[in-house]
Amino acid sequence: MDMPIKSAESLDLFVNARQQFEQALTWIDSIKVGIIDYLINPKRTLHVRFPINMDDGSIRTFHGFRVLHNRVRGPGKGGIRYHPNVTEAEVTALAAFMSWKTAVVDIPFGGGKGGVVCNPKELSRSELRRITRRFVAELGDNIGPHTDIPAPDVYTDAQTMAWIYDTFDLMHPGENNLAVVTGKPLEIGGSVGRDQATARGSLYATEQLLKRGVVPGLQSVEGARVAVQGYGNAGAIAAQLFHEVGARIVAVSDSRGGIRNGAGLDPQEVLAFKEKTGSVVGFEGASELSNEELLVCDCDILIPAALECQIREDNAADVKAKLIVEDANGPLTTVADKIVQDKGIVVLPDIVANAGGVVVSYFEWVQNLENQQWDLEKVDRKLRKKMNKAVDDTVDRWTALNARHGEGFNGSSVGPTLRDAALVTAIERIATVVLQRDIWP
Ligand code: NAD
């Protein structure tokens with residue numbers, strides 16, 4: 001049974017998430033049919049609308065979301081995104097990815113996600129502060145240390161998390177509220193290593209994947225040519241960390257465009273330039289390229305670390321990388337996934353590749369509940385262990401599914417992907433807990 005990619009391509013992220021989920025189901029031996037709807041759809045979706053006094057004296061109404069996808073394995077966990085294109089479908093899909101991610105890396109959380117439709121580039125710091133505080137007040141007790149725990153995502157950062165904590169703490173005096181949000185500044189309960197965790201986790205996961213020998217023609221990060229789309233928390237730090245272990249960063253980009261240098265860029269110098277000018281574009285000693293060109297440039301490892309649905313039916317066939325490491329959530333459509341699979345390109349799926357962020361968020365949460373502060377050596381050692389285990393579990397499951405595919409299981413003309421294997425692992429873990437807890441009443 002070939003699932004489900006016969007349908008036309010959709011750029012709706014939740015449609016893609018559902019297609020991924022349905023495809024993974026074809027690789028599962030048995031599942032209680034009645035819980036499938038519960039496993040894919042969100043448990044709860046909140047819409048809030050609120051007015052804000054703008055700096056110029058006007059008033060604007062903003063629209064925000066918080067989706068709790070699933071919390072059978074623990075409280076909801078997931079970032080808050082500020083972006084003009086935030087939609088309910090996008091937030092729902094990102095929340096589903098979080099449920100699967102926390103399950104595949106085996107931390108005691110479910111999945112959640114939030115967003116506010118706004119353009120932070122056009123907002124002042126005090127407008128962003130008012131938006132954040134009011135958004136948190138509107139969410140009320142729908143977030144909390146044991147219910148649903150936000151974190152940073154696109155265009156939100158440690159300062160945003162500090163405002164979230166401060167607002168929630170004012171609403172709940174006399175309690176230890178540090179664990180209500182992760183990704184906080186170090187001085188108020190943040191964890192060392194959290195700012196680098198997503199990128200560092202993706203490096204550890206890539207190293208482990210290559211060690212397992214599942215990427216034809218690529219044995220090691222050292223010497224690999226790497227292209228990175230997006231130069232924010234995930235992308236800029238990934239460029240730096242891959243560079244540190246001997247990769248050559250041949251192209252990087254941000255929302256304004258990209259730069260390339262086949263001999264290799266120095267990611268720190270590029271970051272310093274971006275911090276000064278607002279973009280990587282214009283960096284000396286590199287030629288310019290567009291984001292579209294970056295995705296199909298000559299490289300060994302492509303790291304999409306910006307937004308979703310970047311690799312699609314119209315450009316997937318031109319991707320030249322041997323390995324795609326999904327630091328962004330959902331950067332490939334389901335149709336693109338199939339095209340690159342047919343080309344023999346391996347995809348390290350988002351729910352494993354970028355899980356380092358939520359793993360160290362979990363460490364931050366544990367430290368907050370215990371009023372402890374771990375050192376960087378401990379955080380990184382535990383992160384590497386979690387990432388290696390998630391990769392090993394995924395590769396082991398992929399190997400087992402491949403063997404069964406050879407015996408005719410699933411009936412598909414193509415074998416499983418690493419994404420199928422990671423999702424099968426996640427879905428089975430969540431389904432097991434649903435049935436162990438048993439259906440109430
Ligand atoms: P960020 O705001 O720090 O950076 C986003 C970067 O993407 C910026 O450099 C921006 O210029 C660039 N960008 C925006 N639109 C672009 C476009 N159309 N083309 C190319 N570049 C574009 O955000 P982030 O936290 O680095 O998140 C990036 C991705 O990583 C998102 O998909 C996010 O969900 C995912 N992610 C982030 C974390 C985390 O801990 N920050 C964890 C897991 C996954």
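The values are calculated or read from the model by the stated rules, or taken from the named source; none is laboratory data. These numbers were taken from a predicted model, which means no experiment stands behind them. Cβ atoms come from the backbone with ideal geometry, glycine included; neighbour counts cover every protein chain shown.
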- Task: Kindly indicate the residue of region 156-176 that is assigned to a loop (DSSP other than H, G, I, E, B) and surrounded by fewer than 21 Cβ atoms within 10 Å (Cβ to Cβ) and also nearest to the ligand (Cβ to nearest atom) among those meeting that condition.
- Result: Asp157
- Message: Being basic (Lys, Arg) and within 10 Å of the ligand (Cβ to nearest atom): is that true of Arg256 here?
- Response: yes
- Task: Enumerate the pairs (first residue in region 80-98 and part of a helix (DSSP H, G or I); second residue anywhere and among the acidic types (Asp, Glu)) with beta-carbon separation below 6 Å, excluding pairs fewer than 6 apart on the same chain, so at least 6 apart or on different chains.
- Result: Ala89/Asp12
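For (1) aromatic (Phe, Trp, Tyr); (2) over 23 Å from the mean Cα position of the chain (by Cα); (3) more than 16 Å from the ligand (Cβ to nearest atom); (4) crowded, with 20+ Cβ neighbours inside 10 Å, each residue gets a yes or a no:
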residue	(1), (2), (3), (4)
Glu22	no, no, yes, no
Gly34	no, yes, yes, no
Asp55	no, yes, yes, no
Ser58	no, yes, yes, no
Val67	no, no, no, yes
Gly79	no, no, no, yes
Val104	no, no, no, yes
Gly115	no, no, no, yes
- Would you mention how many residues in region 240-249 are surrounded by fewer than 23 Cβ atoms within 10 Å (Cβ to Cβ) and either away from the ligand (no atom under 16 Å from the Cβ) or closer than 16 Å to Ala328 by Cα (or both)? 5
- Query: Which residue out of Asn368, Asn354 is buried (at least 24 other Cβ atoms within 10 Å of the Cβ), over 21 Å from the mean Cα position of the chain (by Cα) and within 28 Å of Arg194 (Cα to Cα)?
  - Reply: Asn368
- Task: Among the residues of region 115-146, write down those that are in a helix (DSSP H, G or I) and polar (S, T, N, Q).
- Result: Ser126, Thr132, Asn142
- Condition set over 22 Å from the mean Cα position of the chain (by Cα) and of a type in the set (S, T, N, Q), scope region 196-222, selection nearest to the ligand (Cβ to nearest atom): answer is Ser220
- Task: List the number of the failed condition for Ser412; all other conditions in (1) more than 20 Å from Glu22 (Cα to Cα); (2) of a type outside the set (A, V, I, L, M); (3) at pLDDT below 95 hold.
- Result: (1)
- Of all residues in region 208-239, how many are surrounded by fewer than 19 Cβ atoms within 10 Å (Cβ to Cβ) and assigned to a helix (DSSP H, G or I)? 1
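A quick yes/no check of all residues on (1) touching a strand residue (DSSP E or B) at 6+ places or on another chain (Cβ under 6 Å); (2) within 22 Å of Val215 (Cα to Cα); (3) of a type outside the set (A, V, I, L, M, F, W, C):
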site	(1), (2), (3)
Asn261	no, no, yes
Cys309	no, no, no
Asp318	no, yes, yes
Ile324	yes, yes, no
- Item | Which listed residue is surrounded by fewer than 24 Cβ atoms within 10 Å (Cβ to Cβ), within 23 Å of Lys322 (Cβ to Cβ) and without any contact (Cβ under 8 Å) to a residue 12 or more places away in the chain, from Thr399, Thr432, Thr417 | Thr399
- The condition from (1) within 18 Å of the chain's Cα centre (by Cα); (2) among the hydrophobic types (A, V, I, L, M, F, W, C); (3) more than 17 Å from Lys101 (Cα to Cα) that Val347 misses is numbered (3)
- Being surrounded by 24 or more Cβ atoms within 10 Å (Cβ to Cβ), within 16 Å of the ligand (Cβ to nearest atom) and of a type in the set (Val, Ile, Thr), is that true of even one residue in region 122-132? no
- If we take region 288-392, then helices (runs of 4 or more DSSP H) inside it with 1 or more residues that are free of Cβ contacts under 8 Å to residues at least 60 places away in the same chain, more than 14 Å from the ligand (Cβ to nearest atom) and farther than 24 Å from Phe14 by Cβ are 356-370
